[in-house]
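The structure appears right after this line, and notes come after that.
The values are calculated or read from the model by the stated rules, or taken from the named source; none is laboratory data. The structure presented is a predicted model; accordingly, all values stated were derived computationally and were not measured. All Cβ positions, even for glycine, are placed from backbone atoms using ideal geometry, and neighbour counts span all protein chains on display. Calculation scope for accessible area: heavy atoms of the full protein, side chains included, ligands and nucleic acids excluded. Shrake-Rupley method; radii C 1.70, N 1.55, O 1.52, S 1.80 Å.
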Amino acid sequence: MIGKCLCEQIIYEIEGEFGPIFNCHCSKCRRWHGATYRTRGSINKSQFKWLKGVKSLSTYNSSETVTKYFCSNCGSSLISTYAEQPDVIGVPIGGLEGNLGQPQAHIFVDSKATWHEITDNLPQYGSWPDSKKLVRKTT
Ligand SMILES: [Zn+2]
Ligand SMILES: [Zn+2]
């Protein structure tokens, strides 16, 4: 599966299956992507490869443990890496070409945009699902 930034200076490749795909409504994802929410999946680091444009990459530490990668030419939001989980990469799926699975849940809905109403029946979690702060679960 191939992903690109807007200007196409940066191209990356992902092999194999994605972990669960979530719609993340946290305020950082909303601001980072300029979007209502960020649809993202987790992969193992070994599945990911930059094919082109590494020298155009810039990084920003959005917290002490999270690094965001973006294109310094066009500003596209690319991957996230996590100091506490060095083997995991977070990928926003909007930049990918190929056949992906459907999102499995909405996460961080405690901080979702007040004007946005979730109208599907996916499970909703107040924060990361591991925290067990389940807001609503469908049967
Ligand atoms: Zn770019
Ligand atoms: Zn988020």
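Tabulated data
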| item | result |
| --- | --- |
| Residue count for the stretch 1-36, restricted to those that are open to solvent by less than 30 Å² (accessible area, probe 1.4 Å) and under 21 Å from T59 (Cα atoms) | 8 |
| Criterion: in contact with a Leu (Cβ under 8 Å, 6 or more places away or on another chain) and at pLDDT below 95 - qualifying residue of G95, G75 | G95 |
| Considering residues of the stretch 73-89 that are closer than 15 Å to Y12 by Cβ and among the small types (G, A, S) only, the residue farthest from ligand 1 (Cβ to nearest atom) | S80 |
| Residue count, the stretch 100-124 (criterion: in contact (Cβ under 8 Å) with a residue 40 or more places away in the chain and either closer than 15 Å to E15 by Cα or among the hydroxyl-bearing types (S, T, Y) (or both)) | 3 |
